[in-house]
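**Student:** Here it is, the structure, as structure tokens.
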Amino acid sequence: MSPRSASVNEELRRRSRERLLQATVELVAERGYEATTLADIADRAGSARGLVSYYFPGKRQLLQSAVHRLMHRTLHTALEREPATDDGRERLARAIDAILGLTEDSPVLMRTHMAGILQAEGFVQCPEQQRLAGLLRETVERYGSQDPDSDYPLLRALLMGAVFAVLMPGAPMPLPRLRAELFQRYGLEWELGVPPGGCPPGGTSQDTIAQWPERSK
């Protein structure tokens, strides 16, 4: 049997990494962070335990990459759903609603993710985070930003702050109020995106995201 080509090996590694990320999202959502072990993740992914350490320095870094992947997939689905649009205001509204919507769809994951960022490990720069950053940066550019190097980090900070405020234990802020503040800041009409209480055809529900192709774009 001839040895596998480099491209085949690379594709196998990509798929293996994807399975670990997906297993992490599923297990942490089901059991919580502390009750999920790396061995559990490897078992769910059908991978050898050693592969987890090969791809990720530790469980916290693995979780951040998994949540960044989920955020990227959610954002991509929101931006590309039908009816397709190139309108920068609509795309920014969809982006805001997609990220805020994760606080309702995946509260355990998002709360654990935010807590991890504030710990010693800090913010993980990983391929999944870079893809997410690329989509958000492209969104502010299409919105009409003349300085995306400044406007993208500001949008990211505002979204992270809103997610934290929605998920704050004991004193959560209502999502519609935070959405309204963000929409007002960017001059967006309430009916753009996915307004609370309504979901247009092809919206950003978890069922829609589950149908997204495995290969990240």
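**Student:** Quick one: Debye curve from the alpha-carbon atoms of the stretch 16-116 only, equal weights, vacuum; give me log10 I(q)/I(0) at q = 0.16, 0.19 Å⁻¹ to two decimals.
**Tutor:** Listed by q, the Debye log ratios stand at -0.69, -0.87.
**Student:** Determine the sum of side-chain charges near Ser145: Lys and Arg each +1, Asp and Glu each -1, restricted to other residues whose C-beta is under 11 angstrom from that of Ser145. Could you put the intermediate results ahead of the total?
**Tutor:** On the way: positive: Arg137, Arg142; negative: Glu138, Glu141, Asp147, Asp149, Asp151.
After counting each charged neighbour, the total is -3.
**Student:** Same structure, new question: Just to confirm the filter: which GluC sites (Glu not before Pro) across the stretch 121-174 are DSSP coil and have at most 15 other Cβ within 10 angstrom of their Cβ?
**Tutor:** Values: sites: Glu121, Glu128, Glu138, Glu141; in loops: Glu121.
Those satisfying the criteria are Glu121.
**Student:** Tell me the label-point distance for the pair Met114, Thr85, using the 7 Å Cα-to-Cβ offset, in nm and rounded to one decimal.
**Tutor:** 2.7 nm
**Student:** Oh, and also: Just the accessible area per residue of the chain, please: how many Å² with a 1.4 Å probe? Before the final figure, lay out the partial values.
**Tutor:** Working: 10870 Å² over 217 residues.
Normalised by residue count, the accessible surface of the chain is 50 Å².
**Student:** Can you list, bin by bin at 10 Å, the percent of alpha carbon pairs in the stretch 60-175, starting at 0?
**Tutor:** 14, 46, 33, 7, 0
**Student:** Carbon and sulfur: what percent of the chain's accessible surface (1.4 Å probe)? Let's see the in-between values first.
**Tutor:** Numbers: 5870 of 10870 Å².
Whole-percent figure for carbon plus sulfur exposure: 54.
**Student:** Could you please tell me the mean projected area of the C-alpha convex hull for the chain, averaged over all directions and given in square nanometres to one decimal?
**Tutor:** Working: hull surface 55.3 nm².
Computed as one quarter of the Cα hull surface, the answer is 13.8 nm².
**Student:** OK, next. Rounded to the nearest 0.05, what FRET efficiency do Ser53 and Gln130 have when you use their Cβ-Cβ distance and R0 = 22 Å? Kindly include the intermediate steps, with their values, before the conclusion.
**Tutor:** Values: r = 22 Å, r/R0 = 0.99.
Computed FRET efficiency for Ser53 and Gln130: 0.50.
**Student:** Something else: Hey, rough spin-label estimate for Val8 and Ser150, points 7 angstrom out along Cα→Cβ, what's it come to in nanometres?
**Tutor:** 5.3 nm
The values are calculated or read from the model by the stated rules, or taken from the named source; none is laboratory data. What you are looking at is a predicted structure, and each value in this text was computed from that prediction instead of being measured. Positions of Cβ are generated from backbone atoms using ideal geometry, with glycine treated the same way; all protein chains shown enter the neighbour counts. To get the accessible areas, we keep the full protein, side chains included, count just its heavy atoms, and leave off ligands, DNA and RNA. Shrake-Rupley method; radii C 1.70, N 1.55, O 1.52, S 1.80 Å.
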